[in-house]
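Accompanying notes for the structure given below.
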Amino acid sequence: MPPSPWPTSPSWQCRLTMRCDSACLPCSTHAMHPRVRPRPAKPRFYTLAHSGNVPQVTSAPGGSVPYTLSFSVQVSSPCPISKVESNCPLEPLKYINPDQTQATVSLSPGHKFDRDVELLVYYSGAHQPTAIVEAGQASAKPDTLMADSVVMLSLYPEFPAEVTSSLATSGEFLFLVDRSGSMDCEMHNGAGAQMRIESARDTLLLLLKSLPLGCFFNIYGFGSSHESFFPKSVEYNQEMMEKALEKVKGMRADLGGTEILRPLRDIYSQPCLPGHPRQLFIFTDGEVWNTKEVLGLVKKNVHTHRCFSFGIGEGASSALIKGMAKEGSGHAQFITGTDRMQPKVMQSLRFALQPAVKDISVKWNVPKGVAVTLLSPPLNVLFQGQRALLYAQLTGQCAEDSEGSVTLQYNLGEQSVQNQLSFTVKPKEDTGMTIHRLGARTLIRTLETELRSAEEGGQDKDKVESLKKRVTELSIQSGVSSVLTAFIAVHAGSRQTVQGPLLRRNIPTPALYGAPMPMMMACSAPMMQPMACNALPAMECDEIYGDADFPDVGYDDLCYGKPLETQGAVVKGTMEDQPPKDPLLQLISLQKASGSWDMGAELAELCGKTTEEMAKHMPAQADRSVWATVLALLWLYGFKLDYKEEWQFVAMKAVSWIRAQTGGGVSQCVQAGNTLLGLQLQEGPWVFDTLPPFVPQPCPLLSLLPRL
């Protein structure tokens, strides 16, 4: 950008993600950040294979930028706008109309170019469903998407407190664990560090003990290949839990590199279980070469699968971990340094165990002569914090003032919710083509998926060509790019295609081995239009790195912080080198799937007693399993309260099991347990009896008597 005060007016359109606090987050593009071409006495060039000499482009320091930024935003919404916040100073918000659905806000003068410009837009009534109709384009070809009206439905259900504080007893939980070679590295470089695969085994133990009865589960290990514990998901019960735990003990980091696309395809190809929303927990410490393809697959299945991702160690790809959680409407966690994996995983399990919106139906009522063509795939399930946008094309003829309606119905917990929304079929006001392009984008992505499946499945050539033609036509008509089209530069005045080679500039970005790697970018004219094209060939590694001489080892062959030649000594330690077993995990490993504990020598040893002492203190009328379960709960609250986030679901299962028992003696068990364990937990409401998994609790005053 030249130093003279030439005004520019860049613009772009995007669909914004709704945050958990009901705010939308627009952010300035990187193109708005200053970059200048350096002018040293002797210009420096990077040499890339097949590219020749290309000038290096660097970022200008904030204080030396020779121009200013004037940034103003106009916000329009069917819902009233309550406020706009930013990480940069803003001028006061100004409303344009009385109902406060349109407003403007501007960046305060003096922007330093030291950060992205981010806006948080908050709306009133964000959870109310809406139906917005956008008129077709008068100049568009008749009987096409751009010529007809398009309606956009927004569904963002609100989860009441009584729903979010309850636990779902249904669901399908799939745990994908990285078993590549790098998982045999230590969690950190400090003393007593666990191996990553060992920490993953402990976490799986905790997860398996925390699942509710009645759900389904399976565990996958992936690397260069993948395998599952069971051919398909199995119902969670004592027998299946024990089989899974036995297999967990034998898990090793022995599957080579990191390849996650294949197991995901395997999972997504399996039909979901009715009434059991499928949720994925993915653990990995590396990165993959096909991140974009992985994220596209996750996004494609977001309405039937929810994805929680966990990055282990400093080498985990943030783009992959954050991307899978974002596209899968889940939650991303990173375990670095001395972080414990278990509390972060259980935090995500809290979200996963919340009830979901299910049995979603959409029914249309439009005037005679008008038909509804859906542009979006069917919607099956929605999780808390997830918003769904559905697009439909309205074809046919009707009177200008004709009204239509759509009925949205779904089940949330034990409640059935129904909303009826009215809209004008042929709106008079020209509001642009944003909704049309978003609807076209949704349809194009669906058609691309069908095309990919048809090509991979070797289907009829005519069908493949028909899909290609439809994608190409829709892309060119709407101005939305696809896998079969691309944007080309045209002159603003003559509308003729710009001829000549593209100018490439190198912008350094961090590379795997720590040195900056040039990133090729193409400069283009401001006017762009889509055209059909052939797909570009995949770029090989040597085309990026040129003739750089890198060691002939894979990413998963390296252990962070350890010399390559000493890895064998690090990962093959003896039993004497292993840290002692965590007493908390030992206690949890003794719990049954139902939530109860049995009397035994291992439980007595953990309590610091003998089996004879435990039997001696057991109340006369008490059941042995109830006595053992009460002791385990007292031990958790008396000695491991700081780790409550890890064992809270274990405790809730135990309390639920005790409630279901018909025998008495619970109060006597609590009093005798206090005496045996040397605790002084006072009588009163036992907090974990009604423990909501999402609300921090004070230190409990223990007694099951008032409830049981």
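The values are calculated or read from the model by the stated rules, or taken from the named source; none is laboratory data. Computed from a predicted structure; not experimentally measured. Here the Cβ is made from the backbone with ideal geometry for all residues, glycine too, and neighbour counts use every protein chain on show. SASA here: full protein model, heavy atoms, side chains in, ligands and nucleic acids out. Shrake-Rupley method; radii C 1.70, N 1.55, O 1.52, S 1.80 Å.
Tabulated values for the structure
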item	result
Electrostatic dipole magnitude of segment 580-667 [Cβ: Lys, Arg +1; Asp, Glu -1; Cα centre; debye, to 20]	220 debye
Placed amide H near C215: partners under 5 Å, 5+ positions off or other chain	Y236
For peptides 353-366, 77-90, sequence by mean Cβ density within 10 Å, most packed first	353-366, 77-90
Backbone HN-Hα couplings from phi across segment 117-128 [Karplus 6.51/-1.76/1.60, Hz, Gly and Pro as x]	8, 10, 10, 10, 9, 10, 10, 8, x, 5, 8, 7
Rounded to the nearest 10 Å², the accessible area of T434 at probe 1.4 Å	50 Å²
Rounded to whole Hz, the Karplus (6.51, -1.76, 1.60) HN-Hα couplings of segment 632-645, x for glycine and proline	4, 5, 4, 5, 4, 6, x, 10, 10, 5, 5, 10, 4, 4
Per-residue SASA entry for D178, accessible area with 1.4 Å probe, Å² rounded to 10	0 Å²
Shape of segment 95-246, Cα gyration tensor, a/c cut at 1.5	prolate
Anisotropy class of segment 181-331 from Cα gyration tensor, a/c 1.5 cut	oblate
Per residue, in Å², the accessible surface of segment 130-195 once ligands and nucleic acids are set aside, probe 1.4 Å	36 Å²
M618 accessible area, 1.4 Å probe, all protein chains in place, Å² to nearest 10	50 Å²
Most to least accessible of D582, D285 (protein chains only, probe 1.4 Å)	D582, D285
Segment 425-503 - charge dipole about Cα centre, Lys and Arg +1 at Cβ, Asp and Glu -1, debye rounded to 20	240 debye
Residue pairs, from the table K209/K326; K209/K344; K368/K469; K292/K322, whose Cα atoms sit over 20 Å apart	K209/K326; K368/K469
Whole-number D in µm²/s for segment 179-232 (Stokes-Einstein; Kirkwood sum over Cα pairs; 37 °C, 0.692 mPa s)	253 µm²/s
Cα-centre dipole for segment 617-686 with unit charges at Cβ (Lys and Arg positive, Asp and Glu negative), debye to 20	160 debye
Residue order for V483, V490 - accessible surface, 1.4 angstrom probe, largest first	V483, V490
Solvent exposure ordering (accessible area, 1.4 Å, most first) of H617, H491, H188	H491, H617, H188
Label-reachable residues, segment 436-457, where backbone N falls under 18 Å from a point 7 Å from S269's Cα toward its Cβ	449-457
